[in-house]
Amino acid sequence: QCLYQFLAFVPPSNESLRKPGTASVMVDTQHPLTLLLNSSVGDRDLCKIQYHFGEFGNYSLVVKTLSTSTQTVSCDLIINEGPINSYLPILFAFLVYMGILATLIAGRLLMKIDPVRNWVYKKLNPRATDRMINSELGSPNTTDSINCDPAPQSWSTGSRQRLRSLDTFRGLSLVIMVFVNYGGGKYWFFKHESWNDICWLHFPSALFSRFVFIMGTSIALALGSMLRWGSSKWKVLRKILWRSFVLILLGIIVVNPNYCLGPLSWDNLRIPGVLQRLGFTYLVVAALEVLFTRADSGTWEGRFPALQDILPYWPQWIFILVLETIWLCLTFLLPVPDCPRGYLGPGGIGDFGKYPNCTGGAAGYIDRLLLGEKHMYQHPSSGVTYQSTMPYDPEGILGTINSIVMAFLGLQAGKITLFYKDQPKQIMSRFVIWGIVMGIISAILTKCSKEEGFIPINKNLWSISYVTTMSCFAFILLLLIYYLVDVKKWWSGAPFLYPGMNSILVYIGHQVFANYFPFKWKMQDSQSHAEHLTQNLTATTLWVVISYILYRRKIFWKI
């Protein structure tokens, strides 16, 4: 539903030289395009062609006049040079990483052979050899990692064992987020969607939400442990306030870099951001958990034992429902100047250009009203496709309400692991039930479509359908990782375990050093997917290696 945009003017043919009029243009290959040819005389539509052009292909649209009396023309699309297969670099990168994985697995199996292990003992320092064999890449033994963890998050009063699946889940999401932020090889499907999303088909939009979800899960385990070990609620609240303040402060510093641009002006300081939203979400959800949790959680003796992870916390659910009601009322009932009520579109040329300055509807209006346009993100993803000119912040005020809801659903996953701590089948079955419930709610809200539902899936708005959809997949993904890592112990969680245990350092580090070697260098061909993919994968892999080195040296940056 976009307005047609002027592409080119084709001059008339030169009859004396028998030379046709030509015009050369470059078009986008991400989406199918509709080309409309208009006559310069009478502004009449001559022909319309819809086509999905291939990357680096060369095409000709040949227009011929069939009848001058009836002004009939023919339009034929000719492929002069076929598009390239831009997915070959992805296949090559996949084979390289599979080769590395196969080598590590083969090395691990060889170390189980006595002659090979004895030969290694003779060649290497015994102490260094012992460290290598007991490392996460050499053996999935969990005892060492438990003992060297400076800040374990216990999930039972009798064990200080850390749920490795949580760190693996967090690390997996973080590694993909780093890769996407570095450019994702310049592939369109590794970029954030311009506006509405197509559920899980566009997985970059799910990364931040998974981070918020697992933060909620960690809150349940960490705070529950602190309270059971005798910490007072006021002491825990002070720690929550301090951590939230530090996260928000770090976020403001990270999103406002001025390394070589001179002093930063307070007039255009961006206030919202990823860490800011994480900090505020953490503050609300953690405080909610501390105020309404009990140190003896797990001993519920009331009616409906199947709901023991829900019923004791009814004040929390009422608070969350009130928050969601506020979001719905503001989104669909708040009057926005020159915009229809309940508008959820991108503005610009979207919706046939009817509401060019309504990007984000109430969400954008509230941010511009309370923060000011200069303190928001100036280059939203909607500007590329929909040519919107209004600033819009995807981490704005209104969307933070639903990020709190997302973290609260993650908190529910943490409570499930607490209440059913020695019953993995119960834990997994409840993860499945929650995933199904969230999926059904999403199907109802979206009508299983991208644009036609009551509330579309939209990361920019953090719509409630986005939250329920991403929670659905978060529960299922956590279920799979929990089963593989903590139940069956078929997978140690490596290599994602390491960045998951140093998530704040990796996230801030990849932002601060994004433009420094060896994370970035000058490329020979800036249009090459292979070069971009090589650079982005190298940078991402370096952060995994750095997090592994820090893990081995027992260095963990926590707030």
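The values are calculated or read from the model by the stated rules, or taken from the named source; none is laboratory data. Just so it is clear, the structure is predicted and the values come from calculations on it, not from any experiment. Neighbour counts run over all protein chains shown; Cβ positions are idealised from the backbone, glycine included. Quick note on the areas: whole protein, heavy atoms, side chains included, nothing else; ligands and nucleic acids left out. Shrake-Rupley method; radii C 1.70, N 1.55, O 1.52, S 1.80 Å.
Odds and ends about this structure:
- Reach of K374 by Cα under 24 Å, taken over lysines that are not fewer than 8 positions away in the same chain: K459
- Over the chain: helical MRE at 222 nm, DSSP H runs n ≥ 4 each giving -39500 (n - 2.57), nearest 500: -15500 deg cm²/dmol
- Each semi-axis of the equivalent ellipsoid for the range 403-528 is √(5λ) with λ an eigenvalue of the Cα gyration tensor; in descending order they amount to 31, 25, 13 Å.
- Given 14 as the ceiling on other Cβ atoms within 10 Å, longest exposed-site-free region of the chain for GluC sites (Glu not before Pro) in DSSP loops: 16-300
- Accessible heavy-atom area order of W242, W434, W491, highest first, probe of 1.4 Å: W242, W491, W434
- Relative intensity, log₁₀ I(q)/I(0), of the chain from a Debye sum that treats every alpha carbon as a point, q = 0.09, 0.10, 0.12 Å⁻¹: -0.79, -0.95, -1.28
- Under 25 Å from K520, Cα to Cα: lysines that are on another chain or at least 8 residues apart: K186, K191
- The charge dipole of the chain, taken about its Cα centre with unit charges on the Cβ atoms of Lys, Arg (+1), Asp and Glu (-1) only, comes to about 2180 debye.
- Its relative contact order, with pairs defined as Cα atoms under 8 Å and 6+ residues apart, puts the chain at 18 percent.
- Membrane-span-like helices of the chain, defined as complete DSSP H segments with a Cα extent of 24 Å or more along the helix axis and a mean Kyte hydropathy of at least 0.0, are identified as 88-110, 164-181, 207-228, 233-254, 274-292, 314-333, 397-419, 424-446, 464-482, 529-552.
- Counting only protein heavy atoms and a 1.4 Å probe, the chain has 53 square angstrom of accessible area per residue.
- Annotation: amide H of H192 has no partner in the under-5 Å range at sequence separation 5 or more or interchain, hydrogens built in the peptide plane.
- Per-peptide average of other Cβ atoms within 10 Å, ordering 358-367, 477-486 highest first: 358-367, 477-486
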